[in-house]
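Notes follow the structure.
The values are calculated or read from the model by the stated rules, or taken from the named source; none is laboratory data. Keep in mind it's a predicted model, so treat the numbers as computed, not measured. Neighbour counts run over all protein chains shown; Cβ positions are idealised from the backbone, glycine included.
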Amino acid sequence: MIVARLAWKSLLGRRLTASLTITAIAISVMLLLAVERVRTGARQSFADTISGTDLVVGARSGSLQLLLYSVFRIGNATNNMSWKSFEELAAEPDVAWSVPLSLGDSHRGFRVLGTTDAYFTHYRYRGGKPLAFSAGRPFSDLFEAVVGADVAAALGYKMGDGIVVAHGTGSVTFVEHGDKPFRVSGVLARTGTPVDRTVHVSLEAIEAIHADWRSGAPVPGQGLSAAEVRKMDLKPREITAALVGLKSKLAIFRMQRAINDYADEPLSAIIPGAALQELWALVGTAEAALSAISLMVVATALIGMMTTILTTLNERRREMAILRSVGASPATILALLAAEGGVLTLAGVTAGTGLLYAALAVLRPALDRLYGLEIGLAAPSLKEIATLAAIVVAGLAASLLPAWRAYRMSVADGMMVRS
């Protein structure tokens, strides 16, 4: 108790230096914890993008590629699956519901997704939340579209506004389906998923805008008006992928094997959660690098603290000598310097944790709105507590070098220092 009291009074006497040291440690600790929270939040946000879907089915490709283009709208499919195969899949006894997806077009940099009403009924995110409309309703007419929250916010769309779909997925395109414009029938509530950045139309609409196209380009002299395509048979010939929900989780692997062995065309069926694990394996190196950088920042702050104590130690030799002269043992001097390092580190860790929670309380809504990152305000996890404890121990260890030097100072050496 005496050592702790001495350490506290000593730090109060050097409050400016102590405050700067605590601030450096606090900022480094906040950075370390923030990287871990963002990493965990990013993983959770990716996992929450799709919920309740047992299988994602598409043309034969890598599982990660299929997941990225069908769920996250990243990249493009190498091939499509036929509508006949989708109908046979949907008719399987184990299948409870199925949602077709057709990708390949865009609108001012946002992906256009062709689907059916089942999409709005069965798509789930963040642990089973259904899609909701902030305005309007699902599409019912051939040339109606439902836009995500980010599309509506970025482009200022509201009910009844016109939309012209462009061919291809680039942010800039010179080939548009301008003769068949769409009208906004609904705006989806924000989800924090790629749904927010998607324009949704019907599968029949995708067929309609490409009725007079061949091989990715309009057929010269054979343009069809919007009124003319309404009279045509717009049954899809092929789709990009499908989301499948099964009646029993026990049937997942059986259905996956049956789809992968489908004889009529090469198909792939993936389990979203398993495919996400492949993604984490790929980005694990980057996550480890970020964590290593954060640890280096903490180590730098602790080295700075040790340097500060060492720098001031020569100025405090008379203080050490006076303490020795009034009965303090060399062990007490060592404990005093170690206690100062421990108090500084503990204060920095506490302040850094408080700064993190204060920053999260302010920034969470913006992170969710802008980046779809849901970072919770939960109490520190066991891993975080262990990390913070390790930092405090490291702070104590870093203070041992100046403490050892003070331990070796003699009373005579301290008295010889001139003021």
Matching residues in the range 185-208 (assigned to a loop (DSSP other than H, G, I, E, B) and in contact with a helix residue (DSSP H, G or I) (Cβ under 6 Å, 6 or more places away or on another chain)) number 2
Pairs needed: first member in the range 377-395, without any contact (Cβ under 8 Å) to a residue 40 or more places away in the chain; second member anywhere, basic (K, R) and surrounded by 11 or more Cβ atoms within 10 Å (Cβ to Cβ); C-beta distance under 8 Å; at least 6 residues apart or different chains.
L377/R364
Of all residues in the range 121-135 being touching a residue at least 24 places away in the same chain (Cβ under 8 Å) and touching a Lys or Arg at 6+ places or on another chain (Cβ under 9 Å), the one that is surrounded by the most Cβ atoms within 10 Å (Cβ to Cβ):
L131
Answer with yes or no whether G348 is at pLDDT 85 or above and in the same structural domain as A335 (by TED's automatic domain parsing).
yes
Tell me, which helices (runs of 4 or more DSSP H) lie completely within the range 222-331 with 3 or more residues that are buried (at least 16 other Cβ atoms within 10 Å of the Cβ) and at pLDDT 80 or above?
252-260, 272-313
Looking for whichever is buried (at least 18 other Cβ atoms within 10 Å of the Cβ), more than 26 Å from the chain's Cα centre (by Cα), among the polar types (S, T, N, Q) and in a helix (DSSP H, G or I) here; the options are T17, T21. Which one fits?
T21
May I ask you to verify whether V57 is crowded, with 20+ Cβ neighbours inside 10 Å, in contact with a strand residue (DSSP E or B) (Cβ under 6 Å, 6 or more places away or on another chain) and touching a residue at least 60 places away in the same chain (Cβ under 8 Å)?
yes
Pairs please, first residue from the range 285-297 and at negative phi, second anywhere and not acidic (D, E) and not in a helix (DSSP H, G or I), Cβ atoms under 7 Å, 6+ apart in sequence or on different chains.
none
Scanning the range 219-257 for residues that are without any contact (Cβ under 8 Å) to a residue 60 or more places away in the chain, in contact with a helix residue (DSSP H, G or I) (Cβ under 9 Å, 6 or more places away or on another chain) and farther than 21 Å from F182 by Cα gives none
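For every residue, the table says whether it meets (1) of a type outside the set (G, A, S); (2) touching a strand residue (DSSP E or B) at 6+ places or on another chain (Cβ under 7 Å); (3) farther than 26 Å from F182 by Cβ.
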residue	(1), (2), (3)
L89	yes, yes, yes
A96	no, yes, yes
L101	yes, yes, no
S106	no, yes, no
G109	no, no, no
G114	no, yes, no
A118	no, yes, no
H122	yes, yes, no
A135	no, yes, no
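Among the residues in the range 156-169, are any aliphatic (A, V, I, L, M) and assigned to a strand (DSSP E or B)? Walk me through it before giving the result.
Applying the first criterion (aliphatic (A, V, I, L, M)) to the range 156-169 yields 159, 163-166.
Of the ones still in play, those that are also assigned to a strand (DSSP E or B) are 163, 166.
Scanning the range 156-169 turns up at least one residue that is aliphatic (A, V, I, L, M) and assigned to a strand (DSSP E or B).
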